[in-house]
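Trainee: Here it is: the structure, laid out below.
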């Protein structure tokens, strides 16, 4: 092989190696650190999380193969810190026929997290009844803002999501596509809440800040690469 070809192959290999390092699971790149991103999950421990309305971590949530995983009946878990405006990215996968969610601005003034926090729906769309409606399919603001089309990958495969919350304005992204946009407290939001089951929950969507919640809906679900950037 000619020296130039060897050099080119070496450069390509080095580039791929650098990219692989930058994409290591549950880590931050130098750029992300400079931009203010923080890990919500270190890939090894459940540090930074606890059970909803309890000080400890339920045994049904464990770290498996670098993912924060619901492995048995446990209840929801929440971050130990509260967040107001933020940019959150995360990977998730769900079991066949599974249902879960990620909620935000959750308070502990009500018995269940969904009584206060809006939900980014996580679902195996083809194999769970909620998947029949775009209003309750993966990526939707559950029961309030529908996605344009089914974009979640099949059960057992990793999806990538982004939740951008900035002073009440919220974007849901799923696998690189903007799937929902809304403004909490707007007339449109209030009208939709008034026409939904949430109208009977006085605390729903009222908090300006709160915990991030991972839902135990009785299904196997796993999370990794949970990264957050606090916005001003």
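Trainee: What does the C-alpha gyration tensor say about the overall shape of segment 172-215? Classify as rounded when a/c is under 1.5, otherwise prolate if a/b is larger than b/c, or oblate. Numbers along the way, then the final one.
Mentor: Working: a/c = 1.95, a/b = 1.33, b/c = 1.47.
Judged from the Cα gyration tensor, segment 172-215 comes out oblate (a/c at least 1.5, b/c at or above a/b).
Trainee: Quick check: residue separation of residue 109 and residue 158 times 0.36 nm, minus the Cα distance between them. What number comes out in nm?
Mentor: 14.3 nm
Trainee: Right, next: Name the residue, out of 41, 198, 211, whose mean-square fluctuation peaks in a Gaussian network model built on the chain with Cα pairs under 10 Å.
Mentor: 198
Trainee: So what's the back-of-envelope 222 nm ellipticity for the chain, counting only DSSP H runs of four-plus at -39500 (n - 2.57) apiece and dividing by all residues, rounded to 500?
Mentor: Rounded to the nearest 500, it is -4500 deg cm²/dmol.
Trainee: Now for a separate question. Which FRET efficiency value, to the nearest 0.05, do you get for residue 45 and residue 149 by plugging their Cβ-Cβ distance into 1/(1 + (r/R0)^6) with R0 = 30 Å?
Mentor: It comes to 0.20.
Trainee: I need to check one value: relative contact order of segment 43-117, counting alpha carbon pairs closer than 8 Å and at least 6 residues apart, in percent.
Mentor: It comes to 24 percent, rounded to a whole number.
Trainee: Also, I was wondering about something else. How high is the relative contact order of the chain, given as a whole-number percent (alpha carbon pairs under 8 Å, six or more residues apart)?
Mentor: 28 percent
Trainee: Going by how many other beta carbons lie within 10 Å of each one, how would you line up 87, 125, fewest first?
Mentor: 87, 125
Trainee: Starting from the Cα gyration tensor of segment 157-232, take the square roots of the eigenvalues, sort them a ≥ b ≥ c, and report rounded, prolate or oblate (rounded when a/c is under 1.5, otherwise prolate if a/b is larger than b/c, else oblate).
Mentor: Prolate is the answer for segment 157-232, as a/c is 1.5 or above and a/b outweighs b/c.
Trainee: Where a ≥ b ≥ c are the square roots of the eigenvalues of the C-alpha gyration tensor, would you call segment 190-232 rounded, which needs a/c under 1.5, or, failing that, prolate if a/b is larger than b/c, or oblate?
Mentor: oblate
Trainee: Could you give the angle, 0 to 90 degrees to the nearest 10, between helix 3-22's Cα long axis and the longest principal axis of the Cα atoms of the chain?
Mentor: For helix 3-22, the angle is close to 20 degrees.
Trainee: Kirkwood hydrodynamic radius of the chain from all distinct Cα pairs, in Å?
Mentor: 18.6 Å
All of the numbers you see were taken from the coordinates with simple rules; none came from a lab. Just so you know, these numbers come straight off a predicted model, no measurement behind them. All Cβ positions, even for glycine, are placed from backbone atoms using ideal geometry, and neighbour counts span all protein chains on display.
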